[in-house]
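Working notes, beginning with the structure itself.
The values are calculated or read from the model by the stated rules, or taken from the named source; none is laboratory data. Small disclaimer: the values here were computed from a predicted structure and weren't measured. Glycine also receives a Cβ, built like all others from the backbone with ideal geometry; neighbour counts cover every protein chain displayed.
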Amino acid sequence: MLADLNLWSHWDLVFAPSLGPIMEWLLNEVNAKELLCLATKDGKIIRVDHSSTIDSYLKVFIEGSSFETAVKLLSLYVLYGGEQHVPLSLLKCHARQAFEVMINNLMEMELQEDQNPFVHKKPSHSQRTVGKSTSGNLTNNLHKNTRAINKVIPVASTFILDCLSYLPLEFCSFAADVLLAGLQYFVKDASSAILTACNQIEQRLMLHEVGISLGIVEWANDYYSFRSSVAAETLSSRSSFSSFPNSESNTGAKIMQDILNQVPSSLGETMDSNVVDRHDGYTKLVSCTADSAEGTFDDFAVNPGQRFCVHDNHIDYDPAGVIESIRREEFGLDQNLSVDENRMLEKQHARLGRALHCLSQELYSQDSHFLLELVQNADDNIYQENVEPTLTFILLETGIIVLNNEQGFSAKNIRALCDVGNSTKKGQNAGYIGKKGIGFKSVFRVTDAPEIHSNGFHLKFDITEGQIGFVLPTLVPPCNIDLYTRLASADTDQLNRNSWNTCIVLPFRSNMSEGLSVNNIVSMFSDLHPSLLLFLHRLQCIKFRNILDDSLIVMRKEVVGDGIVKVSFGNEKMTWFVVSQELQAHVIRPDVQTTEISIAFTLQETADGELVPILNQQPVFAFLPLRTYGLKFILQGDFILPSSREEVDGNSPWNQWLLSEFPGLFVGAERSFCDLPCFRGSPGKAVAAFLSFIPLVGEVHGFFF
C-alpha cells in the first residue's frame, strides 16, 4: 500500500514492452475492485486499500500505526470521492478519540511510575485501561503531572509527522487538517509542538507546504524564516543529525507503540474503558494545565437537571407559588426594590425581551413550524399506560386550542418554559426529540399571549405589555375545559373529559395584518401529514377539529407487522415499509449508548392486496420531517440539527457517522422487502419494485449526496 506501482513492479523494464504504459493498462484491462489505485500529480500510481472504512481507520489509529493510519486516510479520501465528500468532521472526531486513548494510557503509566519508580513492569490487563473508576483520579492529578504532558506532546507530534511522511505531498494538507484537529483538542499549541518535533529537512518542507495551504501561522512563518540565511545556517548545523533518519525518526512511533500496546485488542473494549468523560474536566485541563482543579471541575460537575430539585420538593404542591417564585427569583419582580433597582431591572428586561423577539421571529422560516414544535413536545411527554397518546388541535375564529392527554406539567417543566436553552430533556440518552429548550417560543409566530393550563398551573406569557413576556409567567384564571372538550367531540368520537390534562390556548393577535389571516392559519395545518406519526416514540393519534367548517380529521398509527406501518387519515390509509437498525453510539457520543436509524419506503395498497411503490421525493426525518434531499424514500435518524430544526447539520461528526450507516441498512432492506407476503410468489417483481426506489444520478443533493 502507498507504493508507486510503476517503481515497485519495475513496470517499464518488465511489463511495458508487452502490456504498454501502466496507466493505460490499469484503465483498459483491470476491472478488479481489490486493485484500487490513485494517480498523483507527478505521475505516480499509488495503491490504496479498497476495504478501508471509518471504523478500520479508528482501529489502526488507536493501535498506534502511523503507516496504517496514513493508508486508511488516503483510501477513504479516494473511496468517498475527494475532500468535498469525505466525512471530515467524523474523521477529526475519531482522531481526537485516538489521541485521547493514548493520553489516558500514558497517564496510567506515569502514575504507576510515580507510585513505585524502581519497578518498571508491564501493567496487568486490569491496569492497562482507564475505566470510569480511575479516570477521575487521573484527571485530578493531571495538572500536577507535567512530566506526562511533556512526554505525550512529542510522542503525538512525531506520530503525526510520520503519518504525513508516508503520503504524497498533495494529500498532506487533508491529512494534517484531520490529525492536527484531533491533537489540538488536548494540546493548544499542537502546531508549534509538531514543528519542534520536526528533525528532517524533508518533513520541514512538507510542513511549510501544508502551513501555507491551510493557513497555519506557525508553519507558514517558519517557511519565511527558513529562507533567511540564519535559518539556512541553523539547518546546516543540524544536517549531521538529520542524516540518521533510522536512528531517530521512528523513535516517536516506537514510544507511541509502547504506550498503545497497553490498549486491549478489542476496539469496543478500548473505547468503553478509555474515552474520558467530558464532565470530569479532563480535556480542558490537558490544554490548560495552569487552571486550578477546583475552578475547572465545577463547571462540568453540575447536572443541569438538578438545579430545580429544591424548588420542586417544597413548592410543587402550590402551582401559584411556583409562578410567584419564578417572577421573584428569576426576574427580580419584588415590591421591596428601590427606584434605581427597578429602573435597571426594566432596562435589562427590555434588552432580554428584544433578543427573545428576534429569536422567535427569525428562528424558523415558516409560520407553520410551531405546529411541528407542539407535536414534538407532545411526543416527549409522559402518558399513562391505559390511554392512547393523543394530541388534538381545535381551530376557532379567535385562536387555536391544543389538548393533550399526557400526565401534565410539573414545576420543572414550567421553569424550563420560563428560560431559554434549558430544556428538561437535555442529557437524555434516547427517546426525546427536543433538547434545546426553545421550541415552545415558536408559538409567538401566531399569538401574543399563549396560555398553559395543566396540573393546576394556569399561566400565560404575554408580550403585549413588554417583550420580557416571552419568558415571564403571569397567573390567569382556569380555562373552560368542558367547553373545549365539547368543541373537539363528534358523535362518532366522544372524548373523555378527564383525559385532557394539558390545554394550551393560542389566541390570535388582534391585528391580523402581519401576513396572517384565517386562510393562512388553515393552510398551516396541511403540514400535519400522516407521515408525522411514523417515527414518534409515544404519540399515536393526532386530531384536527376545524370549527369554522365543522370538519374533523383523525390520524392514527397502526403497526401491522412484517415492517408494515399504516396511518389512517380520515377515510384513507397510507402505507410504509419500515426497516430499522440499532447502532452502538458510545464511540461517537459517550453520553449516548445506542441510537436507531430507519428507512421507510412509501407504498400504495391496491384493491387486490398488492403493494405498489410511490416514488415521490420524500423528506429526511429527525423524528419529524425536515426537508427533501432528492431521495425517494424516508431516512430517519437522531440527527443533530441547528436550532431551526429545518435541515441536517452537515458538519456534525455524529451526522456524518449516521450517514455512513445508512447504505448497509438500505442493502439489507432488500431481502426483507422481497419477503413481504404480497411478493413471495413473484421475487422478480419484488426486486424490480425495490430497485425503483434507488435515486438516479443527479437527483440527490445536499448533505446526502
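In region 163-192, the residue that is modelled with the highest pLDDT out of those that are farther than 15 Å from residue 76 by Cβ and of a type in the set (D, E, K, R) is 170. Taken over region 177-206, the residue count meeting the criterion of being out of contact with any Pro (no Cβ under 8 Å at 6 or more places or on another chain), surrounded by fewer than 17 Cβ atoms within 10 Å (Cβ to Cβ) and not in a loop (DSSP other than H, G, I, E, B) is 3. Here is the figure for region 27-54: residues that are loosely packed, with under 15 Cβ neighbours inside 10 Å and not small (Gly, Ala, Ser) total 13. Residue count for region 679-705 under the criterion of being closer than 25 Å to residue 637 by Cα and of a type in the set (S, T, N, Q): the result is 1. Scanning region 632-649 finds one or more residues that are closer than 28 Å to residue 92 by Cα, surrounded by fewer than 18 Cβ atoms within 10 Å (Cβ to Cβ) and of a type in the set (Val, Ile, Thr). In region 668-686, of all residues being among the basic types (Lys, Arg) and either outside the structural domain of residue 599 (by TED's automatic domain parsing) or in a helix (DSSP H, G or I) (or both), the one that is surrounded by the fewest Cβ atoms within 10 Å (Cβ to Cβ) corresponds to 671.
Looking at 220, 253, just one residue is modelled with pLDDT under 85 and under 30 Å from residue 39 (Cβ atoms), and that residue is 253. Would you say residue 689 is crowded, with 20+ Cβ neighbours inside 10 Å and more than 14 Å from the chain's Cα centre (by Cα)? Judged against the criteria, residue 689 is a match. Residues of region 590-613 that are among the aliphatic types (A, V, I, L, M), out of contact with any Pro (no Cβ under 7 Å at 6 or more places or on another chain) and modelled with pLDDT of 90 or more: 597, 599, 600, 611, 612.
Yes/no matrix, rows are residues, columns are (1) farther than 24 Å from residue 646 by Cα; (2) in contact with a strand residue (DSSP E or B) (Cβ under 9 Å, 6 or more places away or on another chain); (3) not hydrophobic (A, V, I, L, M, F, W, C); (4) not in a loop (DSSP other than H, G, I, E, B):
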residue	(1), (2), (3), (4)
565	yes, yes, no, yes
573	yes, yes, yes, yes
587	yes, no, no, no
599	no, yes, no, yes
604	yes, yes, yes, yes
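Results for (1) among the hydrophobic types (A, V, I, L, M, F, W, C); (2) under 15 Å from the mean Cα position of the chain (by Cα), shown as yes or no for each residue.
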residue	(1), (2)
545	no, no
548	yes, no
565	yes, no
581	no, no
585	yes, yes
599	yes, no
604	no, no
640	yes, yes
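Among the residues of region 440-473, those that are of a type outside the set (Val, Ile, Thr), within 16 Å of residue 333 (Cα to Cα) and in a loop (DSSP other than H, G, I, E, B) comprise 462, 465, 466, 472.
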